[in-house]
Amino acid sequence: DVRSEGEFAGGALPMAVHVDYFAIPERTDEIEEMTKKSKEAPIVVYCRSGSRSGVAKQMLAELGYTYVANLGGIAEAQQAMDLLDEQAAK
């Protein structure tokens with residue numbers, strides 16, 4: 001979740017980790033820890049509308065991460081997660 005702290009506090013997707021998009025360069029150590037230092041680890045980003053998550057995807061790509069998915073806004077991200085849950089339940 002690359003939204004602001006206030007947006008994140010107002011509600012986020014289950015298991016979301018908050019990393020405000022503008023703080024990505026300062027939080028690379030944490031990101032490396034979360035990905036177990038693998039540049040191929042999947043990373044999913046979302047924000048309110050998809051704009052900031054697009055910037056975050058680009059920033060992560062510039063850091064060498066190769067599998068970054070931009071789910072767009074939180075509503076679209078929730079729909080994607082719901083579809084995955086439905087598929088898993090089948």
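The values are calculated or read from the model by the stated rules, or taken from the named source; none is laboratory data. Just so it is clear, the model here is predicted, and its values are computed rather than measured. Cβ sites come from the backbone with ideal geometry, for glycine too, and all protein chains shown count toward neighbours. Accessible surface areas use protein heavy atoms only, side chains included; no ligands, DNA or RNA. Shrake-Rupley method; radii C 1.70, N 1.55, O 1.52, S 1.80 Å.
Using DSSP to call loops (not H, G, I, E or B), can you name the GluC sites (Glu not before Pro) in the stretch 25-55 whose Cβ has at most 14 other Cβ atoms within 10 angstrom? Kindly include the intermediate steps, with their values, before the conclusion.
Values: sites: Glu26, Glu30, Glu32, Glu33, Glu40; in loops: Glu40.
For GluC sites (Glu not before Pro) across the stretch 25-55 that sit outside H, G, I, E and B with at most 14 neighbouring Cβ atoms in 10 Å, the list reads Glu40.
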With all protein chains modelled, accessible area of Leu83 [1.4 Å, Å²]: 100 Å²
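Which order do Tyr46, Tyr21, Tyr67 take when ranked by solvent-accessible area (1.4 Å probe, heavy atoms of all protein chains), largest first?
Working: Tyr46 10, Tyr21 70, Tyr67 135 Å².
Largest accessible area first, the list is Tyr67, Tyr21, Tyr46.
May I ask you to derive the relative contact order of the chain, considering only C-alpha pairs under 8 Å and at least 6 residues apart, and to give it as an integer percent?
27 percent
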Rounded to the nearest 10 Å², the accessible area of Met34 using a 1.4 Å probe with every protein chain kept is 100 Å²
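If r is the Cβ-Cβ distance from Glu40 to Lys90 and R0 is 25 Å, what FRET efficiency results, to the nearest 0.05?
Working: r = 28 Å, r/R0 = 1.12.
Taking R0 as 25 Å, the efficiency between Glu40 and Lys90 is 0.35.
For Asp1, Asp82, give me the order by solvent-accessible area with a 1.4 Å probe, most accessible first, ignoring ligands, DNA and RNA.
Asp82, Asp1
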Against the rule of thumb 2.2 N^0.38 Å, how large the Cα Rg of the stretch 1-47 comes out: 1.15
Give me the extension gain from Glu5 to Leu63: residue separation times 0.36 nm, minus the current Cα-Cα distance, reported in nm with one decimal. 18.6 nm
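On average over all directions, what projected area in square nanometres does the chain have, based on the convex hull of its Cα atoms?
Numbers: hull surface 23.1 nm².
Dividing the Cα hull surface by four gives the mean projection, 5.8 nm².
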